[in-house]
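Here is the structure we will look at, set down as structure tokens.
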Amino acid sequence: MSIHDADRHNPSSDEIQFHRFFENAQEGIAIVQDEAIVIGNVSLSRIFGRELTELISGGLACLVRDEHRENVAQYLRAGQSEDPKS
């Protein structure tokens, strides 16, 4: 899903400007809700070498290396705001 799919009404000029920024950013941008990627831009797909639909269906876990997934999952489940190593 792209940011354009999320908003079907007549967008304001601010919304249009945001959409342009979001879609044209060189940085990968993801909007996350409940540990799931709900919207991402083309750069996110390019950076991770995966289709955007794969990133969205895989959630945050697909952005983390296999050997670190369990630690990251525990960190997210705990809702910690600090580095777990401290």
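The values are calculated or read from the model by the stated rules, or taken from the named source; none is laboratory data. Fair warning: this is a prediction, and the values are worked out from it, not measured in the lab. Here the Cβ is made from the backbone with ideal geometry for all residues, glycine too, and neighbour counts use every protein chain on show. We work out accessible area using only protein heavy atoms, side chains counted, and drop any ligands, DNA or RNA first. Shrake-Rupley method; radii C 1.70, N 1.55, O 1.52, S 1.80 Å.
Would you pick out the residues in the range 10-47 that are part of a loop (DSSP other than H, G, I, E, B) and within 22 Å of residue 76 (Cα to Cα)?
Our first condition is that a residue be part of a loop (DSSP other than H, G, I, E, B); within the range 10-47, this holds for 10-12, 25-29, 34-35, 41.
If the condition is that a residue be part of a loop (DSSP other than H, G, I, E, B) and within 22 Å of residue 76 (Cα to Cα), then 28, 29, 34, 35 are the ones that fit.
Run residue 62 past the list (1) outside any loop (DSSP other than H, G, I, E, B); (2) in contact with a strand residue (DSSP E or B) (Cβ under 7 Å, 6 or more places away or on another chain); (3) at pLDDT below 90; (4) not charged (D, E, K, R) and report the number of the one that doesn't hold.
Just one mismatch for residue 62, condition (2).
When you look at residue 50, is it assigned to a loop (DSSP other than H, G, I, E, B), among the basic types (Lys, Arg), open to solvent by 60 Å² or more (accessible area, probe 1.4 Å) and modelled with pLDDT of 90 or more, yes or no? Give the derivation first.
On the way: assigned to a loop (DSSP other than H, G, I, E, B): yes; among the basic types (Lys, Arg): yes; open to solvent by 60 Å² or more (accessible area, probe 1.4 Å): yes; modelled with pLDDT of 90 or more: yes.
Yes: the conditions hold for residue 50.
Residue check: is residue 82 modelled with pLDDT of 90 or more and open to solvent by 50 Å² or more (accessible area, probe 1.4 Å)? I'd like the intermediate steps shown before the answer.
Numbers: modelled with pLDDT of 90 or more: no; open to solvent by 50 Å² or more (accessible area, probe 1.4 Å): yes.
Spelling it out, it is not the case that residue 82 is modelled with pLDDT of 90 or more and open to solvent by 50 Å² or more (accessible area, probe 1.4 Å).
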